[in-house]
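Student: Just dropping this structure here.
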Amino acid sequence: MLAKWIASVSVAALVAGAASVGAQEAPIEIAAAVPQFSPRADSGAEQQTEFRTLDEDTQDLKKQVLDLNRDLFLLEEELLFPSNTQTAVFVSMDVGEFFGLDSVELKIDDKVVANYLYTERESEALIKGGVQRLFIGNLKAGEHELVAVFTGQGPHTRDYRRGASLMFEKGIGPKYIELTISDRQTKQQPEFLVKEWE
Amino acid sequence: MRERMRALWSGAALVGLLVAAGTVSAAGELKGAEAPDFVLKSFSGKNLRLSEYRGEVVMLSFWATWCGDCRAQLAELGAMRDRYQDAGVELLAVSLDQSARQASEVTAGATYPVLHDAGGEVGRLYDVTKMPMMVLIDRGGVVREVFEGFRRGSEEQYLERVQALLRE
């Protein structure tokens, strides 16, 4: 009986010893297994390269679409507004201390061709130097009259309405006209100018 | 005689179906499409453009002073806007009244922008055939829902949709 007990204890001790040896050897096994992960890391890098090329392809495609869109836009403009009849009117603002722009009504040859209400953000953009294309259309060669009516807030936040007009000659080439709102410091009043671009 | 009556009835039914199809398509056409842009003068004196609200969930409500349901709807939408404004919800109330005076009286003290569509151009742009009409526009400027009419309990439906758009 005692011999059986001694034998079982020694077997248990042997098993425990073997287990501890196994536990000690385990890091060696993991260390040996590390090189096995390297092919996976390679595939990850490959995947990353694939994603990068896919991203580049998408960016290229986007650029091509944008270029195509620009070309189509230019083509459309050329077709709709041929240069021999094209007339465009632009709006710009300089300073804007004496005038808060609310709206512009544009008449060409006594016909309203544009009526634009400006939001605060839009008039701020004009004051910062932005130029807005208010109208683009076709006019036949010859003499035409342009009338622009500006409404907004003048000095001392009073409601302000002022018109500016221009008789212009439309030739063979495109015609560009600029409506400029600027401050006249000497009179402490806004000034509305209509300029022809050559 | 009987055949003529039958023909008349079937003709009337066909007209009814076409009209119904027309009204369904009006709202249906808007849903999923980019919200038509517009600029209108608000009662505060500022001009407001819809496209400048990109990035926010917009509740565009068409209403008139003579419409009782419209006023009830505006009250609910106004409360919802006040609650979710910081999260990026805006209410634009477009009055289709001919006179701005009455509309400004009704909405005196409103915290949201009230716009006046005097010529009814924006109403036509959104094909408003029934009032009140509320168009729910997502952060990308796309029409996601068109609600026509207002009943007690509709506000829960609005809230659910607005919250869903905020979560997107």
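The values are calculated or read from the model by the stated rules, or taken from the named source; none is laboratory data. Remember, predicted model here, so these are calculated numbers, not experimental data. Cβ: placed from backbone, ideal geometry, glycine included. Neighbour counts: every protein chain shown. Keep in mind that these areas ignore ligands, DNA and RNA; they rest on the heavy atoms of the full protein, side chains included. Shrake-Rupley method; radii C 1.70, N 1.55, O 1.52, S 1.80 Å.
Student: Give the lysines whose C-alpha is closer than 22 Å to that of residue B:46, dropping any in the same chain fewer than 8 places away, or say none.
Tutor: A:128
Student: Are there any residues in the range B:33-81 with a reduction of at least 40 Å² in accessible surface when going from the isolated chain to the assembly of protein chains? Probe 1.4 Å, please list them by number.
Tutor: By number: B:47, B:49, B:52.
Student: Computed FRET efficiency, Cβ-Cβ of residue A:143 and residue B:66, R0 51 Å: what is it to the nearest 0.05?
Tutor: 0.50
Student: Along the positive direction of the dipole of the range A:86-196 (beta-carbon charges: Lys, Arg +1; Asp, Glu -1; about the Cα centre), which of A:171, A:104, A:156 reaches farthest?
Tutor: The residue sitting farthest along the positive end of the dipole is A:171.
Student: Let me ask something additional. Excluding ligands, DNA and RNA, what is the solvent-accessible area per residue of the range A:86-196 at a probe of 1.4 Å, expressed in Å²?
Tutor: Here the residues of the range A:86-196 average 53 Å² of exposed surface.
Student: Something else now. Quick check: from the Cα gyration tensor, does the range B:33-168 come out rounded (a/c under 1.5), prolate or oblate?
Tutor: rounded
Student: Once the cut-off is 24 Å, how many percent of the Cα-Cα pairs in the range A:86-196 end up in the long-distance tail?
Tutor: 23
Student: At a 1.4 Å probe, what is the % contribution of carbon and sulfur to the accessible area of the range A:38-179?
Tutor: Solvent-exposed carbon and sulfur of the range A:38-179 make up 52 percent of the total.
Student: Right, something else. Check the straight Cα-Cα distances from residue A:170 and name the lysines below 24 Å, setting aside those fewer than 8 residues away within the same chain.
Tutor: A:107, A:111, A:140, A:195
Student: Summed for both chains, how many Å² of accessible area, to the nearest 100, are buried between B and A with a 1.4 Å probe?
Tutor: Accessible area lost upon association: around 700 Å².
Student: Do any residues of the range A:115-141 lose at least 40 Å² of accessible area when the full set of protein chains is present rather than just their chain alone, and if so which, with a 1.4 Å probe?
Tutor: The answer is A:117, A:119, A:120, A:121 - residues whose exposure falls by at least 40 Å² when every protein chain is included.
Student: Please work out the average accessible area per residue across the range B:24-96, using the 1.4 Å probe convention, and give it in Å².
Tutor: I get 42 Å² per residue for the range B:24-96.
Student: If one computes the Cα centroid of the range B:100-134 and of the range A:125-178, what distance in Å separates the two points?
Tutor: 31
Student: What does the charge count near residue A:161 come to, summing +1 for each Lys or Arg and -1 for each Asp or Glu among other residues with Cβ under 13 Å from its Cβ?
Tutor: -1
Student: Given axes a ≥ b ≥ c from the Cα gyration tensor, I'd like to know whether the range B:114-168 is rounded (a/c under 1.5), prolate (a/b larger than b/c) or oblate.
Tutor: It is oblate, given that a/c is not under 1.5 and a/b is not larger than b/c.
Student: In addition: So the label point goes 7 Å from the Cα of residue B:124 along Cα→C-beta, right? Which residues of the range A:102-124 then have their backbone N under 17 Å from it?
Tutor: A:112-116
Student: How much length would be gained if the chain were fully extended between residue A:73 and residue A:53, taking 0.36 nm per residue of separation minus their Cα-Cα distance, in nm to one decimal?
Tutor: 4.2 nm
Student: For a label point 7 Å from the Cα of residue A:178 along Cα→C-beta, name the residues of the range A:69-91 whose backbone N is under 16 Å from it.
Tutor: A:88-91
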